[in-house]
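Down below is the structure, laid out as structure tokens.
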Amino acid sequence: MDAKGHALQRLIDRVMEARHSKSALDIRGGGTKCFYGNAPRGDVLDVRELSGITSYEPTELVVTALAGTPLAELEAALADRGQCLPFEPPRFGAAGTVGGMVAAGLAGPARASVGPLRDFVLGVSMLNGMGETLTFGGQVMKNVAGYDVSRLVAGSMGILGILCELSLKVMPVLPASRTLCFDFDEAAALKQLNRWAGETLPVNASSWHQGQLFVRLAGAKAAVSCVQQRSGGREIEPHAAGSWWSDIRDHRHPFFAVTDTDLERGESLWRLSVPDTAPPISLPGEQFVEWGGAQRWLRSTAPALHIRSAAAEVGGHATLLRAADKSPGVFTTLTQPLMDIHKRLKQSFDPVGIFNPGRLYPEL
Amino acid sequence: MNGATLSSERAARQKQLVSILAQLLPTRCILFRAEDTLAYECDALTAYRQVPLVVAIPETEAQVAAVLKACHALNVPIVARGAGTGLSGGALPHSMGVSLSLAKFNTILKVDPVARTAVVQCGVRNLAISEAAAPHGLYYAPDPSSQIACTIGGNVAENSGGVHCLKYGLTLHNVLRVRALTVDGEAIEFGSAALDTAGLDLMPLIVGSEGMLAVIIEVTVKLLPRPVLARCIMASFATVESAGAAVAAVIAAGIIPAGLELMDKRMTAAAEDFVHAGYDLDAAAILLCESDGTAEEVEEEIQRAIDVLNANGATRIEISRDEKQRLKFWSGRKNAFPASGRMSPDYMCMDSTIPRKRLAEMLRAIEAMEGKYALRCVNVFHAGDGNLHPLILFDANDPEELRRCELFGAEILEASINLGGTVTGEHGVGVEKLNSMCVQFSAAERAQMMAVKSAFDPAGLLNPGKVIPSLQRCAEYGKMHVHRGMLQFPDLPRF
């Protein structure tokens, strides 16, 4: 048995043990996203022994990596060949892993234009609660053989099983990129973003905060420079633009710096996911808009109920990212038919309930 | 099987069902006489036929819910059905079940040009969405070749693709929200008008669920701005190896064409004979490489693609001058199937995906199989995403040819798995590929898939017997005769 086989066997042993003793496992990679979701509980199960890129074929646009592979290592390997994970997974620390990235399902500034993380998951090998190694999906772009479990695990917060190996679709880095800045109030910025989205403009990312709209154009060289001439706006120097977008992606922008003092005085960081055509949402606190209007970050002391109903009113939902008190629930409550399906899915993958219990919803 | 030969059990069940449904639906919405239900005995995979006990054609969501509740109470299987253009028998009726036709749900509820979305009922045809969006300069990207007939509900059920998947994705990537009814008739929504929803992302299960998880009623799709310009390169190659290498090189150069299609020599000849597109008949393979976007983008991408194709041994290159010529280039590819129909009394269409780099290897393997089974095979490939559609030519009236054809098809699928691919890229498993699922997935994997179905449909009444083969079936596979089907309506463009 090779190193990977041994590491896998050790994980299987831990699963069987936990299953036998009905004890919870806190599946963990680099631990950079412990703050996300409901509080982890159970014995820490470090999966970083399963590390390394298994195969990478640039001409196939596919990379396969073990779940414990550092995200930074994967992205560096892709960059060497002029490719990338176009959904820009956030890094909340240097130790983040590929498995953690998929389990959390988060995406960065380009998400509205390139699609969510789950669209880039092609295949998964995982351990279910019976200690069985299961493989779903594969390493090809088009695959409709059976249910698409490989994409179900994206954003599942580890409640369905231990992700062991992932095949991801990668894309070429776009040939040209430019960032422009405009002065707009929020309502005007949202209108402008909706209008641009309906045209064939290479808008790849956007942000609005305190009267400034930043737009990143990316695509063919000619297309990017042509838009710049047409749309006006101040060009941001490339290096500064790069930091701007990565600071938003990784929550290093000062807006996201919610200190312990802020938390103590009742301030929370929320993520509102709403239709991109929703008008400015009137809530106490400060907002930061991304994804062409579809993602609105909020720092507020308003009660959870108030924030959630404001999001629901425009057809969206609100997630509590950082707060001193997460008792209102991190994720928006599901309708009963959806929760019934969630419970039965959890039961089917993890009958004893050993994997990340409560991390997504207390009842799962 | 028809009314005259209904077993007493079926006859009693049918009588009971008709009387119950008659309380829920107008009489015009219930079909049960053999002459009426016969039209529903199969989908486009005509080798499998089964007359349903009853066909229900409800007109409102409340009626669908009522039918589901009634069937649930009586433990009667339900097979939902759109236009019946599916190619894997996914809509094959159940002998003791109700076929639920959603044909009357054909209203486009809303086209929102600002949000770039359309809300449509499940029975709306794929092409009708793009037609309704056209006045706003928008369109719905996935374009399965049966798009004039197939419905969006069916597209969601099958996760349909088309020739533009590489750049624009499959149905999954272009759907925001699905409204459905559960097996017991409760309304449920997956996704929303926002980009994500709380909880597990169930959309990838619903899209591609082949009618086994819920009954799809309404769909919100994304609309894209129609590209200002599209141009197509037609490149000839002297060997399939060099064509395959050129495909890899295009991708390696960082180009994601809007379409990247390959036709082998025999297919090219058949297509040329049929549509006179001006194809190069001396080439061993032809690549169609399309670029779309703004005029600037297209110009830049076309030039880069030409450089790569030339560097990889293209023997002839032609670029579409105008829209008319671009459509001409595509006409042969789009008519690959009817063109094949002229070469042979019957053909069997395969659908599998392999890694792009194995493309030439696969074509050589198929060539060898032609000798082994003494049958001809022509090949069209969605080369950009490795999805191949070999068409095996045979005569269905010759049982011996049919048998060889089935073995040929099974060998192609197993070769696809061995090359690192999958047994279906876009047509679905249905009943056609149940045996191949035994090869591709372990017993534990199949059991987990069955458990996923049960999470949505604990009673096991939604399209039972499709997609996931039973343990027993897999045990018997190899001993039993492998059935596979032929296309109905060969003149309808597909793929």
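What to note about this one:
- Once the convex hull of all Cα atoms in the range B:1-158 is built, its volume per residue stands at 114 Å³.
- With R₀ fixed at 51 Å, the C-beta to C-beta distance from A:ARG265 to A:SER21 puts the FRET efficiency at about 0.75.
- Taking the square roots of five times each eigenvalue of the Cα gyration tensor of the protein assembly as shown, the equivalent ellipsoid has semi-axes of 40, 34, 27 Å, listed largest first.
- For the range A:84-192, the alpha carbon convex hull comes to 155 Å³ per residue, rounded to a whole number.
- Exposure proxy order (Cβ contacts within 10 Å, fewest to most) of B:MET343, B:MET203: B:MET343, B:MET203
- Coordinate range along principal axes, alpha carbons of the range A:191-237, Å, largest first: 31, 27, 16
- Rounded if a/c under 1.5, otherwise prolate or oblate - the range B:234-353, Cα gyration tensor axes: prolate
- The range A:215-364, relative contact order in percent, only Cα pairs under 8 angstrom and at least six apart counted: 18
- Spread of Cα-to-Cα distances over 10 Å intervals beginning at zero, given as percent, for the range A:164-205: 19, 39, 23, 15, 4
- Kirkwood-based shape ratio for the range B:371-478, expressed as Rg/Rh from alpha carbons: 1.02
- Approximate shape of the range A:194-280 as ellipsoid semi-axes (Cα gyration tensor, √5λ), whole Å, largest first: 30, 17, 10
- Measuring between their Cα centroids, the range B:436-472 and the range A:40-84 lie 30 Å from each other.
- Alpha-carbon spread of the range A:219-364, three principal axes, descending order, Å: 59, 38, 29
- Residue-averaged beta-carbon neighbours from other chains (10 angstrom radius) around B:415-426: 4
- A simple rule links phi to the HN-Hα coupling: the Karplus curve 6.51 cos²θ - 1.76 cosθ + 1.60 with θ = phi - 60°, which for the range B:158-169 gives 9, 6, 5, x, x, 7, 10, 4, 4, 8, 10, x Hz, with x for Gly and Pro.
- Chain A: C-alpha gyration tensor shape, a/c 1.5 cut-off, then a/b vs b/c: oblate
- The mean sequence distance of close C-alpha pairs (under 8 Å, at least 6 residues apart), as a share of the length of chain A, puts its relative contact order at 19 percent.
- Cβ neighbours within 10 Å from other chains - mean over B:249-258: 4
- By the count of other C-beta atoms within 10 Å, a proxy for reagent exposure, B:ASP385, B:ASP43, B:ASP36, A:ASP80 are ordered fewest to most as A:ASP80, B:ASP36, B:ASP385, B:ASP43.
- Considering only B:ASN379, A:LEU11, B:MET212, the residue lying farthest towards the positive end of the dipole of the protein assembly as shown is B:MET212, judged by Cα position with unit charges set on Cβ.
- Peptide A:127-139, shielding by other chains (average Cβ, 10 Å cutoff): 4
- Projected area, mean over directions - the range A:98-156, Cα convex hull, nm²: 4.5
- In this structure the amide hydrogen of B:TYR139, modeled in the peptide plane, comes within under 5 Å of the amide hydrogens of B:LEU224, B:ARG226, none closer than 5 places in sequence on its chain.
- The equivalent ellipsoid of chain B has semi-axes of 38, 28, 20 Å, largest first, where each one is the square root of 5 times an eigenvalue of the Cα gyration tensor.
- By other beta-carbon atoms within 10 Å, ranking A:MET339, B:MET437, B:MET234 with the fewest at the front produces A:MET339, B:MET437, B:MET234.
- Within straight-line cross-link reach of B:LYS328, lysines at Cα separation under 20 Å, skipping those fewer than 8 residues along the same chain: B:LYS265
- Number of Lys pairs (Cα under 20 Å; 8 or more positions apart or on different chains) in chain A: 4
- Highest-MSF residue in chain A out of A:THR261, A:THR54, A:THR277 [GNM, Cα springs under 10 Å]: A:THR261
- Each Cα pair under 8 Å and six or more residues apart adds its sequence gap; the mean of these over the residue count of chain B is a relative contact order of 16 percent.
- Peptides A:346-352, A:202-208, ordered by how many other C-beta atoms sit within 10 Å of their residues on average, highest first, read A:202-208, A:346-352.
- Amide hydrogen proximity for B:VAL429: with H placed 1.01 Å from N in the peptide plane, the residues at 5 or more positions away or on another chain lying under 5 Å are A:GLY146.
We did not get these values from a lab; they are worked out from the coordinates using the rules stated. Note that this is a predicted model, so its numbers are computed, not measured. FYI the Cβ positions are ideal-geometry reconstructions off the backbone, even for glycines, and counts take in every protein chain you see.
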